[in-house]
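Questions regarding the structure given below will be posed in turn.
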C-alpha cells in the first residue's frame, strides 16, 4: 500500500474520501507547492548574496529585504534603516565581497539555514575571511529576519566611524 506524506502526518490513501482521485491530486498539488516554496526560499537567499551583496548593489536592497526587516548579528540588533546605512557605508570601502563556499544550506518552512565562508577585500588590498552561521526568515519572497554569528566578528574587522 502507498502512503501519502504530508508535513504533519502520514495519510493512507484509503482514508481519503470524496471520490478520492480529486482529493489525491489536491494533496499531491499541495505537497509540490510546499516543496516549491522551500526551494524558492533558498533561491531568494542565494540571489540576495549574488545580486545584492557580491555586486555591492544598493539598488537591489528593497528587492530582497522586507519593510520590517531586523538583523541580529553577533548579539547586536539592527533595524532595516540602520542596516541599510551600514551596508552602504561598508560597500564604499570594499573592492570585493564573495561567498567562497556554502558549506551547507537547507530550508525548512520559511527559514533558510546556512553555513558559509565569505571573503571581503578592502580597496586598500586588506582581505578577511569570515565563517558565517546564518538563519534567514523569508516571508513573501523577502528576507524579514536574519540571525547570524560570524567568526571573526564583522565589527572586529570592518571598523567604521559610525557603527552604533
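The numbers here are math on the coordinates, done by the rules we state, and not lab data. Computed from a predicted model, the values in this text were never measured in an experiment. Cβ sites come from the backbone with ideal geometry, for glycine too, and all protein chains shown count toward neighbours.
So, in nm, how far is label residue 106 from label residue 72 when the simple model puts each one 7 Å beyond its Cα toward the Cβ?
Roughly 2.2 nm, to one decimal.
A further question follows. Could you give the length gained on full extension between residue 121 and residue 157, defined as 0.36 nm per residue of separation minus the Cα-Cα distance, in nm?
Separation in residues times 0.36 nm, less the Cα-Cα distance, equals 11.9 nm.
Further, regarding this structure: Compute the FRET efficiency between residue 61 and residue 94 as 1/(1 + (r/R0)^6), taking r as their Cβ-Cβ distance and R0 = 22 Å, and round to the nearest 0.05.
E(calc), rounded to 0.05, equals 0.90.
Provide 54, 87 in ascending order of the number of other Cβ atoms located within 10 Å of each residue's Cβ, fewest first.
54, 87
OK, next. Is the shape of segment 47-145 rounded, prolate or oblate, going by the alpha carbon gyration tensor and its root eigenvalues a ≥ b ≥ c, with a/c under 1.5 for rounded and a/b larger than b/c for prolate?
oblate
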